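Derivation of every value follows stated rules applied to the coordinates shown; laboratory data play no part. Predicted model only: the values in this text are computed from it and were never measured.
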Amino acid sequence: MSVGSVLMAWVQRREGDHRMKNNDQHLERLSAYLDGELPSDERAELERDLLQDPALQRELALARGARSVVRGRTTALRTQIPVDLERSIRMQLGHEVERATAPAPLSWWSVLVNAIRRPMVAIPTGIAAAALLVMFMTDRSPRVDLYEASYANFSKIVKGEIALVKETSDTTALREFFAAEGVEYEVFFPEIAAELKGGVVSDHEGAHYAHLVYGAGEHLVYIFEVDEESIERNIVAMRSDVAEDIEESRWHWEERSGVGTMFVWESNNIVCSAVSDLRTQDLSALFTLEKL
């Protein structure tokens with residue numbers, strides 16, 4: 001091997017070590033931000049960077065997802081997540097769902113579209129869908145479990161058991177629909193790179209809640225919205241780890257094998273719980289996070 005080749009290999013190795021060191025420092029900074037341990041000036045600087053850098057927004061979302069996975073897999077873990085472990089989990093998040101189960105013969109999106117396109121059954125199916133939502137919320141407990149209900153309702157949409165009562169991409173028309181159906185709070189429509197398909201309303205103990213469905217190619221994004229007052233009155237239950245994530249860092253991200261990604265946040269006193277068959281990094285890329 002020539003002297004030039006040896007020198008080049010040494011330079012490349014040093015550059016790789018430098019990049020790894022910088023990446024570790026970057027992850028430590030994000031972890032400190034999520035833990036609320038960044039000094040106020042560094043926190044303000046990072047938040048300014050987040051507003052201008054979509055890639056950094058996705059990095060933060062992935063870091064939060066990694067923390068959620070660790071928290072969910074061992075209740076005994078009470079120490080800060082090591083940077084190398086967090087980085088390893090982030091690398092695995094993208095593969096976890098794919099390993100879980102083989103896809104169904106029909107795409108999830110085609111099931112929903114077929115249900116929507118049958119006018120003679122769309123309305124009865126929609127009524128049945130609302131009933132299914134009510135049954136889920138009343139059979140298990142006197143309160144709505146936002147976490148479990150979000151996953152369960154998404155599964156029903158995927159299976160075609162819930163259809164859209166109001167099929168439209170017009171947010172004004174949907175606001176009028178939700179208000180007419182008894183939803184008393186201002187429904188939040190996030191900025192998302194997906195097509196709004198419509199919504200449905202569920203009823204629990206006289207409280208009415210809005211549910212939105214978006215399409216992103218062959219994928220679905222389902223959003224369950226509840227007002228903060230319903231949580232305070234214990235009509236709706238929210239898991240403590242989810243509430244903690246929202247309080248500390250605005251968002252909760254997690255992946256569930258065989259399902260996809262859950263994303264929970266609060267906007268204008270409305271708690272929004274989104275579930276999609278997309279992976280964490282792909283779902284986070286759809287949202288304009290700084291406007292949530």
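Worth pointing out:
- Near Gly198, the amide H atoms lying under 5 Å from its own belong to Thr168, Val213; only residues 5 or more places off or on other chains count, and H is placed 1.01 Å from N.
- Phi-based couplings in Hz for the range 192-208 (Karplus 6.51, -1.76, 1.60; Gly and Pro marked x): 9, 7, 8, 8, 5, 9, x, x, 8, 10, 10, 10, 9, 6, x, 9, 10
- Distant-in-sequence amide H partners of Phe188 (H built 1.01 Å from N, under 5 Å): none
- Per principal axis, descending, Cα span of the range 190-291 in whole Å: 37, 31, 29
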